[in-house]
Each structure stands twice: as C-alpha cells, then as structure tokens.
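The values are calculated or read from the model by the stated rules, or taken from the named source; none is laboratory data. This structure is a prediction, so every number in the text was calculated from the model and none was measured. Quick reminder, even Gly has a Cβ in these numbers, built from the backbone with ideal geometry, and neighbours come from all protein chains shown.
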C-alpha cells in the first residue's frame, strides 16, 4: 500500500496531521458504506481508506489554498436523487487562517465533497 502523505526526514515519520477520523456508514460520499475518512489537516485533503483493498482515495481542494480541515460530516438530503442528494461536508477556519489564501480577516468555510458514479453523470 503506497501512502501519498508528505514525509519527514525520518523514514517512519509522516508530516501530515490527522486531527479527526470519521466513518461514512451510509455511503454519503459515494465511495461505499463504512469507509473511514481522515482529515489530512497538514496536506489539504480528505483521505478515504478502502479496508478491503487497502487503497487510499485522496481528495484535495485545489483552490483557495489553505484547506486545513478539522471536522467533517455526511448528509443525505434526498436519497431519491442519487449522488446529487448526498455529500460529505468538511470545514476549515480559525485554526489555520494565517495559512489560508486571503490572510488575516478571512472567514471560515465549508466544502462539500461529492463523487459522481461516472464523469458524465447528470
């Protein structure tokens, strides 16, 4: 299993910080039920582990810079609309504002993650 997390000089050390772990019991993200998700608070990502294969799905926020999440939760608004009615919400805010694009005075944000069943899904 290859991990794409930044490493420190020591080979067994990692530079990422996993502040919070959450299990997607009801497939709110769209990758499957009962998948653990960790906040990659030091690598601007959510990291989803598939325990059956041992593979990681790394989900990043490319813009604005500074997505250092410390909390997340899933929500199903309308189960009849498929992937459009569900998602995982992650926050970032006051904990790392000095690193967030926009600098001092930038307010906290929520980011919604959704996975389409295929790239052309409507």
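Here are a few things to note about the model shown:
- Residue that is modelled with the highest pLDDT [pool: residues in the stretch 90-117 that are surrounded by 15 or more Cβ atoms within 10 Å (Cβ to Cβ) and in a loop (DSSP other than H, G, I, E, B)]: 115
- Test: residue in the stretch 19-41 that is at pLDDT below 90 and out of contact with any strand residue (DSSP E or B) (no Cβ under 8 Å at 6 or more places or on another chain): yes
- Pairs linking a residue in the stretch 105-118 that is closer than 16 Å to residue 70 by Cβ to a residue that is part of a loop (DSSP other than H, G, I, E, B), with Cβ atoms under 7 Å and 6 or more positions apart or on different chains, are 106/100; 108/93; 108/94; 109/93; 111/61; 111/67; 113/29.
Yes or no, residue by residue, for (1) more than 14 Å from the chain's Cα centre (by Cα); (2) touching a residue at least 24 places away in the same chain (Cβ under 8 Å); (3) over 21 Å from residue 18 (Cβ atoms); (4) in a strand (DSSP E or B):
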| residue | (1), (2), (3), (4) |
| --- | --- |
| 33 | yes, no, yes, no |
| 53 | yes, no, no, no |
| 73 | no, yes, no, yes |
| 81 | yes, no, yes, no |
| 84 | yes, yes, yes, no |
| 88 | no, yes, no, yes |
